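The values are calculated or read from the model by the stated rules, or taken from the named source; none is laboratory data. Nothing here was measured: the structure is a model prediction, and the numbers come from that model. Note that each Cβ is placed from the backbone with ideal geometry, even for glycine, and that neighbours are counted across all protein chains shown.
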Amino acid sequence: MRPPVQALIGAALLAAGRPVTRQEMAGVLGLREEAAARALETFAQTLRAAELGFEVEAVAGGYRLVVPPTLTAHLAPLLAPPPLPALSAAALEVLAVIAYRQPVTRAEIEAMRGGSASTVVTLQERELVKVVGRSPAVGQPLLYGTTERFLLEFGLVSLQDLPPLEGADFSHLLRG
């Protein structure tokens, strides 16, 4: 006997530990993608109405279960490890250059910033950027791009959700 669709959706989102795509959910449910998307929306509405302390979030090209922001302050004693220190202004500048110009070399980052790109290492350690290849330029320097974790950390479904570069305010990204 096949479990109810709502039970499968909840179990899949909880067990995956990462965003689950519509295509993956359709496979789990044995439905077409459109039907799976409708079932996911029904599940999300049911969770919101039940006020169970978690909800469905669309992020990084998929869906995941999250705690609503209104509840996170109440959970602070349970959350570990402590948040990472806020990104420095220099790290944030380097991250913005990579996000908007990827793939990009370290030399290109330094030329655009007018300063060092040494914070690339910190951004790699935080898994916000990664090496995505090598440039065909002399010496074949490494090319950097953002990661899925970048999308997750900043609540973006895709890079197209980045604010327009002209006049963009990145001060809200100065967090751990």
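Looking at segment 43-68, which of its residues are within 27 Å of residue 147 (Cβ to Cβ) and either in the same structural domain as residue 153 (by TED's automatic domain parsing) or out of contact with any helix residue (DSSP H, G or I) (no Cβ under 7 Å at 6 or more places or on another chain) (or both)? Walk me through it before giving the result.
As a first pass, look at segment 43-68 and keep what is within 27 Å of residue 147 (Cβ to Cβ): 44, 54-68.
Of everything in segment 43-68, those that are within 27 Å of residue 147 (Cβ to Cβ) and either in the same structural domain as residue 153 (by TED's automatic domain parsing) or out of contact with any helix residue (DSSP H, G or I) (no Cβ under 7 Å at 6 or more places or on another chain) (or both) turn out to be 44, 57, 58, 61, 62, 66, 68.
Which condition does residue 61 not pass, out of (1) under 17 Å from the mean Cα position of the chain (by Cα); (2) on the phi < 0 side of the Ramachandran plot, if it passes all the others?
Exception for residue 61: condition (2).
Take the residues in segment 31-59 that are in contact with a Lys or Arg (Cβ under 8 Å, 6 or more places away or on another chain) and of a type outside the set (D, E, K, R); name whichever of them is farthest from residue 5 (Cα to Cα). Talk me through it step by step, then tell me what you get.
Initially, segment 31-59 is screened for residues in contact with a Lys or Arg (Cβ under 8 Å, 6 or more places away or on another chain), giving 33, 36-37, 40, 55-57.
Narrowing further to those that are of a type outside the set (D, E, K, R): 36-37, 40, 56.
Working: 36: 9, 37: 12, 40: 9, 56: 15 Å.
Residue satisfying both the conditions and the ranking: 56.
Restricting to segment 109-130, count the residues that are over 13 Å from residue 99 (Cα atoms) and in contact with a Leu (Cβ under 9 Å, 6 or more places away or on another chain).
Number satisfying all stated conditions: 3.
Out of the residues in segment 30-83 meeting the condition of being farther than 17 Å from residue 9 by Cα and of a type in the set (S, T, N, Q), tell me which one is surrounded by the fewest Cβ atoms within 10 Å (Cβ to Cβ).
If we take residues in segment 30-83 being farther than 17 Å from residue 9 by Cα and of a type in the set (S, T, N, Q), then 70 is surrounded by the fewest Cβ atoms within 10 Å (Cβ to Cβ).
State whether the residues of segment 69-81 include one that is β-branched (Val, Ile, Thr) and outside the structural domain of residue 119 (by TED's automatic domain parsing).
The first filter runs over segment 69-81 and keeps only residues β-branched (Val, Ile, Thr), leaving 70, 72.
In the following step, the residues that additionally are outside the structural domain of residue 119 (by TED's automatic domain parsing) were identified as 70, 72.
There is at least one residue in segment 69-81 that is β-branched (Val, Ile, Thr) and outside the structural domain of residue 119 (by TED's automatic domain parsing).
Can you confirm whether segment 98-110 contains a residue that is touching a Pro at 6+ places or on another chain (Cβ under 8 Å) and of a type outside the set (Ser, Thr, Tyr)? Full working, then the answer.
Within segment 98-110, the first condition is being touching a Pro at 6+ places or on another chain (Cβ under 8 Å), and the residues that meet it are 105-107.
Narrowing further to those that are of a type outside the set (Ser, Thr, Tyr): 106-107.
Yes, segment 98-110 contains at least one residue that is touching a Pro at 6+ places or on another chain (Cβ under 8 Å) and of a type outside the set (Ser, Thr, Tyr).
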